[in-house]
1. What do you get for the angle between helix 109-129 and the principal long axis of the chain? Use alpha-carbon atoms, 0 to 90 degrees, nearest ten.
2. If you rank Thr44, Thr96 by fewest surrounding Cβ atoms within 10 Å, what's the result?
3. Along the charge dipole of the chain, which of Ala138, Pro322, Trp230 sits closest to the positive end, that is, farthest toward it, with unit charges on the beta carbon of Lys, Arg, Asp and Glu (+1, +1, -1, -1)?
4. Sorting Ile79, Ile280 on the 10 Å Cβ count, fewest up front, what's the list?
5. With a ≥ b ≥ c taken as the square roots of the eigenvalues of the C-alpha gyration tensor of the range 186-333, please select rounded if a/c is under 1.5 and otherwise prolate if a/b is larger than b/c or oblate if it is not?
6. When only Cα pairs under 8 Å and 6 or more residues apart are kept, what is the percent relative contact order across the range 180-290?
7. Taking the Cα centre of the chain as origin and charging only Cβ (+1 Lys, Arg; -1 Asp, Glu), how large is the dipole, in debye to the nearest 20?
8. Treating the beta-carbon of each Lys and Arg as +1 and of each Asp and Glu as -1, no other charges, what is the dipole magnitude of the range 5-92 about its Cα centre, to the nearest 20 debye?
Amino acid sequence: MSQSSSDLPAISPSAERFLRAQGIVPALLRAIPGDASTRRYWRTPCGQVLAQVPDSAELLPFLRVQRRFTAAALPVPQIVAVSLRHGLLLQEDIGTCDLKAALDAGESADAVFTAVFPILQGLAMAARKHHFRPPLPAYDAERLGQELALFPDWYLRRHLALAPAAIPWHPLGELSRQLVAAAQSQPQVWVHRDFHARNLLLRPAGAVVMIDFQDAVLGPWTYDLASLLWDRYWDWGRERRNGWIEAYRQGLGALGVAVPEAESFRDQVEAMALQRNLKILGIFCRLAYRDGKGEYLDFLPRFWGYVEDLLAGQADWRPYLPLFQAWSPCARR
């Protein structure tokens, strides 16, 4: 998923001028391999990271979100300097240890999530206390529906090569409407929207810091929790996930938030997990076939397993399970 050394980006002349103005020697930068993003990153010798964004207009949403999160005392890197004209951002370097690295090194998942839950709860509380203009974009029914459409468009039609006439559009549409309605019925809070182990860095002292938050929205209060617990790297299993969901719910209640009963809250989390996992199946196929990143297909079985487990877990969704089982990567080997 990362680039080889021969593919690492060269710094642009505008970036060189920008760095010299900050007293940084461009020749001392070290390129950081990228992932699915078109953004490029370099590490400076001064404890900072330079980001270059191909479309400089993308920087403004990032700066708006960073300002909101900082004002709400949410943990994000500090900004050192910006050039909107050239799409350049110099920010604090948190380091290279993310939650995936910590868990891979043997850290307790219970301890890690206990450290992360206050950030999620802080996002939920911040929406009640801070009212910036313009507000964060709404994670509305239209956007949720567009994301769900990625599944038939890219997984069924492109990956499985199903003809449009062979796709059961009516039941898929009914399921999508259920999931959108479930999302819209939840309290709407600040949502990171890509809250997973690789976007949570650890400072040397152990504090967790969010990165890659430029797509933040105002949306369902369980979305980021679902992103964290249904991860691409580990399948924690239903029992452990249910325990963490309940611990998170109780944590919200301790902050004075009116929370549903345990089963209702778990249903909310699972609705967002199903929506997100269907979206991810579509996105990973799009990355593979449109963007030439075939390695993302390796993650399909895990997310497919999540979808089948979620469909089997709730009575309203169980009738859809046989339909989806026919499209399983395992069924087509």
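1. Helix 109-129 sits roughly 80 degrees off the main axis of the chain.
2. Placing the least packed residue first, the sequence is Thr96, Thr44.
3. Going by the Cα projections, it comes out as Ala138.
4. Ile79, Ile280
5. oblate
6. Reported as a whole number, the value is 28 percent.
7. Approximately 780 debye in magnitude.
8. My answer is approximately 240 debye.
Read-outs throughout are calculated quantities, based only on the coordinates presented, and are distinct from any laboratory measurement. Treat the numbers as computed from the prediction; the structure is a model and nothing was measured. Every residue, glycine among them, receives a Cβ derived from its backbone with ideal geometry; neighbour counts consider all protein chains shown.
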